[in-house]
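Following: one structure in structure tokens, then a few remarks.
The values are calculated or read from the model by the stated rules, or taken from the named source; none is laboratory data. Because the structure is predicted, anything quoted here is derived from the model rather than measured. Here the Cβ is made from the backbone with ideal geometry for all residues, glycine too, and neighbour counts use every protein chain on show.
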Amino acid sequence: MVTSEIKISTILPPTLDTREAATRLVKVIKEESKNLNKLEIDFSGIIFMSRSFADQFHKDLYTSEQSLDMVFKNASLDIIEMLRAVSNTQTKRKAFKKTYQVFSFNTISQLEDISFSW
Amino acid sequence: MPTIVLPERFADNFGHPLQKLLDLLDELTKCSKRDEIILNYRNGKFTHPFYVLALPLIVKQYERNGFNITVSTDFIHQGIREYMYYIKFPHGIYPNDFPQEGFPALLELYKNKSYIPIISFPTGEGQDVTIIRDNFLSAVNRLLIHICNLSNSLVTGLMYLIDEAVNNVLHHSKDECGYLLAQYYRSKGYIDIVIADIGQTILDTYSNFEKYSAEVVTHKLAMEAALQGKSTKSLDIDRGFGISTSKRLLTEGLNGKYFIYSGNVFNIHTLDVNDIIELPENIFWQGVYVCLRIPIVAPAGFNPANYYE
């Protein structure tokens, strides 16, 4: 199992605002994911994601035929909800791999806001 | 002597007792085998099945790994003291301790309560064991039906959900017992049920099955495989739909909530959310822990058969 991690804060600013930023990130993801089994996208230090970014991110990522096991790590509740909201509006794009979005956290306290919303 | 103070109460939302359970597991990882660990529940005022069933199972898990750990049960507040007495905390009731004809009489004690006691059901395969277990679980199911006073379609749905989870314990846990606890919240409109074991994780199950052992190598992949219905039953019978059908029946059919936790990964499935969460490796459940929130009013036209696949 070959795993790699992309820390978004090393590539983009703390607020993810534009479609172009999403396209740049997905380009890095696709480059990094060659010959990998699993890729962790670390959102540490990212404080905001715009709908435009989320929409472009989803569009660029999920129209690929490439199969990759991807985990979103240390994403805040706001970012998770934005990704989810955009994902629910995408009806014509192929599922990237599976039905589920997968998130991981370094500490249990990061999960608190998310678990409270269930 | 590290003492971990347990929560006094829980919020109503589905996730709060689960978060507190994960917090507890996190806290325990800071303890060593040299410590005498005390889980201090003296000041508890209100508890919740999703949390309270985990406590004796955590004690068993940790004892198996050589830890010295206890739960203090000298509750100060009468309400919780009474509840814990009736649910037979921490050990629950074990059918082998009673004559079979005594089950209905035993469970009769609970017919006017809104909860059933902790049920510790044997997982063995011998005929005697299976007969005892089947009779016992049937009595438990009937008690739940009586307590909750559900419509026919909901009764079928409730039984389907419980039986699928219980059967997964029987077939996969490879441990002595499975455990069940349920509470009916009439004013809130739902039943909370937890069904658990401390045997094999889902990954352990796939690891022992040649067809998947090379492909399913992490707890996350095991969870995904289980949720997709990849069966570990042999004879080319592609069963393994219990979890996926249960989730759909509960969430899409009833607008309920489903939580399944094994290893360091869990899946949370509601009408709004269907996520897999990977925890730090030390936040670990050896076995499988399933929590269900089942609304007691079904949407019009609800037919459980639509979800059996």
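Points to keep in mind about this one:
- Residues in the range B:254-263 that are assigned to a loop (DSSP other than H, G, I, E, B) and buried (at least 22 other Cβ atoms within 10 Å of the Cβ): B:Leu254, B:Gly256.
- Flag set for B:Ile195, criterion: in contact (Cβ under 8 Å) with a residue 40 or more places away in the chain, surrounded by 22 or more Cβ atoms within 10 Å (Cβ to Cβ) and touching a Phe, Trp or Tyr at 6+ places or on another chain (Cβ under 8 Å).
Yes/no per residue for (1) exposed (fewer than 14 other Cβ atoms within 10 Å of the Cβ); (2) at pLDDT 85 or above; (3) more than 30 Å from B:Asn282 (Cα to Cα):
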position	(1), (2), (3)
A:Ala22	no, yes, yes
A:Ser67	yes, no, no
A:Lys73	no, yes, no
A:Lys94	yes, no, yes
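- Leading residue by the ranking (farthest from A:Phe72 (Cα to Cα)) among those in the range A:24-45 that are touching a Ser or Thr at 6+ places or on another chain (Cβ under 6 Å) and not acidic (Asp, Glu): A:Leu36
- Selected residue (only one of B:Ile294, B:Ile276 is buried (at least 20 other Cβ atoms within 10 Å of the Cβ), within 10 Å of chain A (Cβ to nearest Cβ) and not in a loop (DSSP other than H, G, I, E, B)): B:Ile276
- Looking at B:Leu154, B:Leu144, B:Leu161, B:Leu106, just one residue is assigned to a helix (DSSP H, G or I), touching a Ser or Thr at 6+ places or on another chain (Cβ under 9 Å) and surrounded by 14 or more Cβ atoms within 10 Å (Cβ to Cβ), and that residue is B:Leu161.
- Hey, B:Leu24 surrounded by 15 or more Cβ atoms within 10 Å (Cβ to Cβ), under 30 Å from B:Gly189 (Cβ atoms) and out of contact with any strand residue (DSSP E or B) (no Cβ under 6 Å at 6 or more places or on another chain) or not: yes
- Among the residues examined, B:Tyr85 qualifies as over 16 Å from the mean Cα position of the chain (by Cα), modelled with pLDDT of 85 or more, closer than 19 Å to B:Tyr51 by Cα and not β-branched (Val, Ile, Thr).
- When B:Leu53 is tested against (1) modelled with pLDDT of 90 or more; (2) loosely packed, with under 15 Cβ neighbours inside 10 Å; (3) under 18 Å from B:Leu137 (Cβ atoms); (4) hydrophobic (A, V, I, L, M, F, W, C), just one condition goes unmet, and that condition is (2).
- With respect to the conditions (1) modelled with pLDDT of 90 or more; (2) assigned to a helix (DSSP H, G or I); (3) surrounded by fewer than 23 Cβ atoms within 10 Å (Cβ to Cβ), B:Tyr212 falls short on a single one, namely (1).
- Residues that are surrounded by 14 or more Cβ atoms within 10 Å (Cβ to Cβ) and in contact (Cβ under 8 Å) with a residue 40 or more places away in the chain, drawn from the range A:2-15: none
- Output for the range B:1-21, where each listed residue is more than 15 Å from A:Ile108 (Cβ to Cβ) and crowded, with 23+ Cβ neighbours inside 10 Å: B:Phe14
- All positions within the range A:103-118 that are farther than 17 Å from A:Arg84 by Cα, in a helix (DSSP H, G or I) and at the interface with chain B (Cβ under 7 Å from one of its Cβ atoms): A:Ile108, A:Glu112
- Output for the range B:279-289, where each listed residue is more than 7 Å from every other protein chain (Cβ to nearest Cβ) and surrounded by 24 or more Cβ atoms within 10 Å (Cβ to Cβ): B:Trp285, B:Gly287, B:Val288
- Some residue of the range A:27-34 being among the basic types (Lys, Arg), assigned to a helix (DSSP H, G or I), out of contact with any Lys or Arg (no Cβ under 9 Å at 6 or more places or on another chain) and modelled with pLDDT of 90 or more: yes
- The number of residues in the range B:194-211 that are over 22 Å from B:Thr130 (Cβ atoms) and within 14 Å of the chain's Cα centre (by Cα) comes to 2.
- The selection criterion, being more than 30 Å from B:Asn40 (Cα to Cα) and not charged (D, E, K, R), holds for B:Gly124.
- Qualifying residue in the range B:152-175 (condition: in contact with a strand residue (DSSP E or B) (Cβ under 7 Å, 6 or more places away or on another chain) and either among the charged types (D, E, K, R) or within 21 Å of B:Tyr85 (Cα to Cα) (or both)): yes
- Selected residue (criterion: nearest to the chain's Cα centre (by Cα)) from residues of the range A:22-48 that are within 15 Å of A:Leu83 (Cα to Cα) and among the aliphatic types (A, V, I, L, M): A:Ile41
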